[in-house]
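Reviewing the structure listed below.
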Amino acid sequence: MRVLHQIHSYILTRALPFSTLCFSLSKILSFCAISPVGNILYAEKLLFQIPNPNIFSWNSVIRGFSQSHISATTQSVSIFNRLIRRGHPNPNTYTLVFVLKACSILPAIQEGQQVHARVIRSGFSTNSFLQSSLINFYAKCEDIKCARKVFDEIPDRNMIAWSTMIGGYAKLDMFNEALAVFGDMQKAGVVPDELTMASVVSACAGLGALDTGRWVHAYIKKQRILIDIKLNTALINMYAKCGCIEKAREVFDEMPTRDSRTWSSMIVGYAVHGHADDALRVFADMEKSQVKPNNVAFLGVLLACGHGQLVYEGQKHWDILLESGIQPSMEHYSCMVDLFCRANLFQEAYTFIKNMPIDPDPVILRTFLVACKKNKNIEKGESTGQQLLKLEPSNPENYALLSSFYATCSSWSKMGNVRKQMRDKGLKTTPGCSSIEVEGTLHEFVLGDWSHPEREEIMEVLSDVLKRVKAFGHKVDVSEVCHDVGDEVKVEALCEHSERLAIAYGILKTKAPVVIRVVKNLRVCGDCHEVTKIISKIYEREIVVRDRVRFHRFVGGTCSCKDIW
């Protein structure tokens, strides 16, 4: 910038023709606005010193601010508004693309909608770059319906439009929709790039659709699509989240170079599978490779220590985190509380929460309330429950957990009061939902829902499972059914849990050695966990269940979590 200042001074002190002066200044402005070694504030100041800046100069400054840190992005919109008020020069397609990018980063839905209106008035609504920018803007602002409306109005969609729509769905966890658009993209004969495929792979990961994910991986290789670090990392995540941690490690080992996200993905993958020692080894290898661990890597290693009940290792890595200069997030504090609670170090968990420099969030309070339930500590449990209801008065999960706590402590009247509060507020808990992929098709089951077309066959399998599990000697654990009703009704409720329906369907439709893979939206209850262990033994089937917290791999009557989850 020092040299540029000298050039700027030289130009101003020479009697250059007006057109030459404006051209030279616009080039200096462009460098300051866009170059990584430039100065966007200097460019902004220069913009308003040029007598009649052309649209190229305005675009450079708007683009420069949109590429700066988020707090500066608002300046892009502000400068655009000044351009509109001046009335000249007229914004072109590049102007609108740059300001839409700024609106998507903020996000600024109202300002973006006004830009959309100007796109239409200016006659630019058929411009492919603007169409893709509008899809991206609406998707980033989580207005996916408007994004889809713009997408559907494009008669001849290019690869960028397809990729943006797929990415928008994937980022909003609308994984089925993302895969459906990818299917339409293939039918249209448009070849995707590595960014598109990263979104598609992420959608497979979100659904836990291993068969589809494997097919997508094979498709990437067949089409010779560039597999860069981002796509490789997405593949690691996909295989890990689909319960195939060995394949995730295979992809990891084949990578020539890895960044911090790649290492973090492998660590977190091992952690959610309960492979604590492997997670710690990868973390150590990450340090040896001179890649600085990021906050996610520390999150993964603390999570692994919690699942493995490795208290000493967890405390050791907590100290390393503090020494690294990374500011611990609420998630890191949550992992430490979880570590103490899983190890049944109740008092240590309580002390840690009290000494936190920030107030605990609902996740930490729920974790501690579960520990209170386990220890039947009525005083601390009630206090924690009331904190939860105060923080999140409209979250039905808090009422359900507090109700379960009172049920465990046999405080039926207090449990009834909590249930009454739920009813009065019109709150309902999220029903358990489990999915299983069979021959590339995803089947979903909801607690007590018998709408599946093969319900009769599923009921027969469930009946057989119940008889064989009972003959094995299993005694039903009804303690987690939070209703003051007879045990027979509680047993019936447990038998209709969504993961049991999905597992029964897996037994019905597949044969060994095919692994039964189930994805559940909630945590697995104690009785279902015990029953699944027995099923894996008496039916000689390997069953992998991904619940909200981690993976459970059931083989021969045992679970990979070692009954710690």
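The values are calculated or read from the model by the stated rules, or taken from the named source; none is laboratory data. Source: prediction; values computed, not measured. With ideal geometry, Cβ positions are generated from the backbone for all residues, glycine too; neighbour counts draw on all protein chains shown. Note: areas computed on protein heavy atoms with side chains; ligands, DNA, RNA excluded. Shrake-Rupley method; radii C 1.70, N 1.55, O 1.52, S 1.80 Å.
The solvent-accessible area of residue 124, taken with every protein chain present and a 1.4 Å probe, is close to 50 Å².
Extension gain for residue 320 to residue 425 (0.36 nm times residue separation, less C-alpha to C-alpha distance): 33.3 nm. All distinct Cα pairs of the stretch 99-246 go into the 1/r average, and the inverse of that average, the Kirkwood radius, is 15.8 Å.
Hydropathy at least 1.6 by Kyte-Doolittle, axial extent at least 15 angstrom from the Cα trace: which helices of the chain, defined as entire DSSP H runs, fit?
Numbers: long enough: 2-12 (16 Å, 0.39); 18-34 (24 Å, 1.64); 55-66 (16 Å, 0.59); 70-86 (26 Å, 0.11); 93-105 (18 Å, 1.55); 109-121 (18 Å, -0.57); 128-140 (18 Å, 0.38); 159-171 (18 Å, 0.62); 175-187 (18 Å, 0.06); 194-207 (20 Å, 1.40); 210-222 (18 Å, -0.62); 229-241 (18 Å, 0.41); 260-272 (18 Å, 0.49); 276-288 (18 Å, -0.33); 295-307 (18 Å, 1.63); 311-324 (20 Å, -0.59); 330-342 (18 Å, 0.22); 362-375 (19 Å, 0.68); 378-391 (19 Å, -0.59); 396-408 (18 Å, 0.04); 412-425 (20 Å, -1.81); 455-471 (24 Å, -0.19); 498-509 (17 Å, 0.48); 526-538 (19 Å, 0.02).
Once both thresholds are applied, what remains is 18-34, 295-307.
Pairs from the list 171/230; 475/537; 171/425; 221/292 with a Cα-Cα gap above 23 Å: 171/425; 221/292. Evaluated with a Cβ-only charge set (Lys, Arg +1; Asp, Glu -1), the chain carries a dipole of roughly 1580 debye about its Cα centre, given to the nearest 20. Taking all protein chains into account, the per residue accessible area for the chain stands at 49 Å² (1.4 Å probe).
Over the stretch 328-486, all Cα pairs binned in 10 Å intervals from 0 give whole-percent P(r) values of 9, 28, 28, 24, 10, 1, listed from short to long.
With a 1.4 Å probe and all protein chains kept in place, how do 172, 339 rank by accessible area, largest first?
On the way: 172 45, 339 0 Å².
Reading off the accessible areas and sorting them downward yields 172, 339.
Annotation: amide H of residue 438 within the under-5 Å range of 443, sequence separation 5 or more or interchain, hydrogens built in the peptide plane.
Per the 1.4 Å probe, what fraction of the accessible area of the stretch 42-94, in percent, lies on carbon and sulfur atoms? Don't skip to the answer; put the middle values down first.
On the way: 1300 of 2600 Å².
Looking at the stretch 42-94 in its full context, I get 50 percent from C and S.
Considering the dipole of the stretch 1-158 built from charges on the beta carbon (Lys and Arg +1, Asp and Glu -1) around the Cα centre, which of 98, 108, 5 is farthest to its positive end? Positive-most Cα among the choices belongs to 5.
Can you compute the FRET efficiency between residue 11 and residue 78 using 1/(1 + (r/R0)^6), with r the Cβ-Cβ distance and R0 = 25 Å? Round to the nearest 0.05.
Working: r = 27 Å, r/R0 = 1.10.
Computed FRET efficiency for residue 11 and residue 78: 0.35.
Taking every protein chain into account, the 1.4 Å probe leaves residue 517 with about 50 Å² of accessible area, to the nearest ten.
Taking 0.36 nm per residue of sequence separation and subtracting the Cα-Cα distance, how much length would be gained by fully extending the chain between residue 93 and residue 288, in nm to one decimal?
On the way: separation 195, 0.36 × 195 = 70.20 nm, distance 4.84 nm.
Stretched out fully, the residue 93 to residue 288 stretch lengthens by 65.4 nm.
To the nearest 20 debye, what is the magnitude of the charge dipole of the stretch 223-309 about its Cα centre, counting +1 on the Cβ of each Lys and Arg and -1 on the Cβ of each Asp and Glu?
Numbers: 10 positive and 10 negative charges, 49 e Å.
It works out to roughly 240 debye.
The Rg/Rh ratio for the chain is 1.04, where Rg is the radius of gyration of the alpha carbons and Rh is the Kirkwood radius. Taking every protein chain into account, the 1.4 Å probe leaves residue 341 with about 20 Å² of accessible area, to the nearest ten.
Positive-end ranking of 180, 433, 67 along the dipole of the chain, with charges on Cβ about the Cα centre, is headed by 67. The smallest convex shape that holds all Cα atoms of the stretch 220-350, its convex hull, gives 104 Å³ per residue.
When the chain is fully extended, how far beyond the present Cα-Cα distance does residue 219 get from residue 56, taking 0.36 nm per residue of separation?
Working: separation 163, 0.36 × 163 = 58.68 nm, distance 4.19 nm.
Working it through step by step, the gained length comes to 54.5 nm.
Peptide packing for 322-331, 232-241, 357-366 was compared via the average number of neighbouring C-beta atoms within 10 Å per residue; ordered from the highest value, the list is 232-241, 357-366, 322-331. Which one of 409, 219, 543 has its Cα pushed farthest toward the positive end of the charge dipole of the chain, where Lys and Arg give +1 and Asp and Glu give -1 at the Cβ? Farthest towards the positive pole: 219. Normalised Debye scattering of the stretch 370-423 at q = 0.17, 0.23, 0.26, 0.28 Å⁻¹ gives log10 I(q)/I(0) of -0.43, -0.80, -1.02, -1.16, counting only Cα atoms as equal scatterers and leaving out solvent. The modelled label-to-label distance between residue 558 and residue 383, using points 7 Å beyond Cα along the C-beta direction, is 4.1 nm. For the stretch 175-260, taking Cα atoms only, Rg and Dmax work out to 12.2, 36 Å respectively. Take the Cα of residue 129, step 7 Å toward its Cβ, do the same at residue 23, and the gap between the two points is 2.2 nm. Per the Cα gyration tensor, the stretch 292-370 maps to an equivalent ellipsoid with semi-axes of 19, 14, 11 Å, ordered largest to smallest. In this simple spin-label model, placing a label point 7 Å from the Cα along the Cα-to-Cβ direction at both residue 172 and residue 512 gives a separation of 4.5 nm.
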